[in-house]
Number of protein chains: 4
Amino acid sequence: MPTRTELEVFLATEFPQSDFLIESLEPEQITLRKPVSFADLRPGGTVSGPTMMALADCALYVAILARIGIVPLAVTTSLSFNFMRKPLSEADLLATCNLLKLGRSLAVGEVQLYSEGDERAVAHAVGTYSIPPQSD
Amino acid sequence: MPTRTELEVFLATEFPQSDFLIESLEPEQITLRKPVSFADLRPGGTVSGPTMMALADCALYVAILARIGIVPLAVTTSLSFNFMRKPLSEADLLATCNLLKLGRSLAVGEVQLYSEGDERAVAHAVGTYSIPPQSD
Amino acid sequence: MPTRTELEVFLATEFPQSDFLIESLEPEQITLRKPVSFADLRPGGTVSGPTMMALADCALYVAILARIGIVPLAVTTSLSFNFMRKPLSEADLLATCNLLKLGRSLAVGEVQLYSEGDERAVAHAVGTYSIPPQSD
Amino acid sequence: MPTRTELEVFLATEFPQSDFLIESLEPEQITLRKPVSFADLRPGGTVSGPTMMALADCALYVAILARIGIVPLAVTTSLSFNFMRKPLSEADLLATCNLLKLGRSLAVGEVQLYSEGDERAVAHAVGTYSIPPQSD
């Protein structure tokens, strides 16, 4: 399985526009961090929905790759979000992903998004990834 | 109700990072355009999922504001996506939104995303917006 | 492809508890009918959410089988619903399904649910089905 | 707040067709049980999707009522499901609901469905309920 460094290199290559960091990496759960800066805020001083969606999508992807190896062809097939609270404007966003299923061709995971320092989730996501057939 | 120009000014103010354009604006249906450039592409030459999600979210928002007036406090409460085909790399993305419900406190809409020139949807979204109580 | 009679026989066998009828069957769109009787109503005189969910799931299934043939192993992998209005208590429910994608291994469709006689959708569903590999 | 008995009486009145039981009731988490009998099975010996959807919807409803009191006007506004594994045919279904948000007008919860005796979730649901304004 890929090391944390290998995943970080992959992230930086595959998502050069993003600045997501791997906060923790365990077999059952991974957490990404999104450093929040002024450029990420919308009028009103909150992190935008698309930033949260991009972070959740990436957390799910990293959680799967951490288990199956770096398979760039895995693709998101569905993502659903509930937005529950306004993120804090002066705190980083954290996204914790748990895989609910890791099958041969389909993975399902859920993601909780938090503002650092407040344990109540600001958003919740569930997503599915299609995993291409592996040559054995 | 707001004019197209008023909506465009609002978009440019509220979403300064985005470059979405109002392609058409009718009472029952609105379409946004996302000009796709090299910077929007992921390795493999396709538009990223987060770009599609941001465009769908914005299309739903504009469709609601075009009907209720510019109410900046309307907030997305849920969004769900199905990603069906790889967008073309050399075509703009179009997002067409139809409102399914426009109630006093909740609006529901669906969005089809296309690559210009190919009528098959690349992604489909359904979203809900919470509308704040209006002072009469 | 299966005839309408073959699909009706399949429905009656596969879903013996349901009383859903095929209202119309076209290549791009199918409609099911749920005759609503007193037993289907909840206190308050409305059709229950689970009845609507079962009807939408079945409509998606029939839409797929009508295109790929009767493949009992196709399984729902995801379904998402928005409930928008209270169905009428004295009208049948109609569910109209359009397929958004029919790929080799995954189908995606959307369903609009109506009370007969009122064109505004009471609920909207999007679902995905996994299609087993076909032996050629 | 309602007692377990009050909730059970309410369930039996509001959902007379269902046979769901309250398995456990804690402030942060409630679990419902669906006794599975032959009549609940589909060809192939598995519990039907609509049975799982009805159970998840009900679990979310009970979790909310346990916190806000018995408010029959609370209504489901959205529900999304991922179906991950085939339930066992000879085991009861259990649905455990955690509330992610309990606001004044909107509640969000997630539900994990299990076959008793197997800790891997067979399905996962996320739903939102609209809560009517309370007269104080």
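The values are calculated or read from the model by the stated rules, or taken from the named source; none is laboratory data. Quick caveat: nothing in here was measured; it's all calculated off a predicted structure. So basically every Cβ, Gly included, is an ideal-geometry build from the backbone, and we count neighbours across all protein chains shown. Accessible surface is based on the protein model in full, side chains and every heavy atom, while ligands, DNA and RNA are left aside. Shrake-Rupley method; radii C 1.70, N 1.55, O 1.52, S 1.80 Å.
Which one, A:P87, A:S24, A:A39, is farthest towards the positive end of the dipole of the range A:4-130 when Lys and Arg carry +1 and Asp and Glu -1 on their Cβ?
A:P87
Can you list the residues of the range D:78-103 whose accessible area drops by at least 10 Å² going from the chain on its own to the full set of protein chains, with a 1.4 Å probe?
At a threshold of 10 Å² (probe 1.4 Å), the residues of the range D:78-103 that become less exposed are D:S78, D:L79, D:S80, D:F81, D:N82, D:F83, D:M84, D:R85, D:L100, D:K101.
How big is the dipole moment of the protein assembly as shown about its Cα centre under a simple scheme where the beta carbon of each Lys and Arg is +1, that of each Asp and Glu is -1, and everything else is neutral? Debye, nearest 20, please.
Working: 40 positive and 64 negative charges, 0 e Å.
About 0 debye.
Evaluated at 4 °C with a viscosity of 1.567 mPa s, what Stokes-Einstein diffusion coefficient in µm²/s does the range B:1-63 have when Rh comes from the Kirkwood expression over alpha-carbon pairs?
My calculation gives 103 µm²/s for D.
Measuring label to label, 7 Å along Cα→Cβ, what does D:G45 give against each other copy in nm, shortest first?
Listed shortest first, these distances are 4.7, 5.0, 6.1 nm.
Need one number: nm distance between label points at A:V71 and B:V9, each 7 Å from Cα along Cα→Cβ, rounded to one decimal.
5.2
Inter-copy label distances at A:T13, 7 Å along the Cα→beta-carbon direction, one decimal in nm, shortest first?
Here A:T13 shows inter-copy label distances of 4.5, 5.2, 6.4 nm.
Along Cα→Cβ at 7 Å, what distances in nm separate the C:E28 label point from those on the other copies, shortest first?
Between copies, matching label points for C:E28 lie 1.5, 5.0, 5.2 nm apart.
Grab the beta carbon distance between D:R104 and C:E119, set R0 = 41 Å, and tell me the FRET efficiency rounded to 0.05.
On the way: r = 33 Å, r/R0 = 0.81.
My answer for the efficiency is 0.80.
Whole number please: convex hull volume per residue of the Cα set in chain D, in Å³?
102
Quick check: convex hull of the Cα atoms in the protein assembly as shown, volume per residue, rounded to a whole Å³? Mind dumping the intermediate values first?
Details: hull volume 89.5 nm³, N = 544.
Normalising the Cα hull of the protein assembly as shown by residue number yields 165 Å³.
Grab the residue from chain C whose Cβ hugs the C-to-B rotation axis most tightly, plus its distance in whole angstrom.
Of all Cβ atoms in C, the one closest to the rotation axis yields C:S80, 2.
Taking only DSSP H segments of four or more residues, each worth -39500 (n - 2.57), what value at 222 nm results for chain A once the sum is divided by all its residues, to the nearest 500 deg cm²/dmol?
It lands at -7500 deg cm²/dmol.
Per the 1.4 Å probe, what fraction of the accessible area of chain D, in percent, lies on carbon and sulfur atoms?
After summing per-atom areas, the C and S share lands at 53 percent.
Note the buried accessible area between A and B here, summed over both chains, with a 1.4 Å probe, in Å² to the nearest 100.
Interface area, both chains combined: 1700 Å², rounded to the nearest 100.
Using the heavy atoms of the protein chains and a 1.4 angstrom probe, tell me the accessible area per residue for the range C:4-130 in square angstrom.
Dividing the accessible area of the range C:4-130 by its residue count gives 41 Å².
Separation of the range D:11-85 and the range A:40-68 by C-alpha centroid, Å?
If we compute the Cα centre of each part, the gap is 31 Å.
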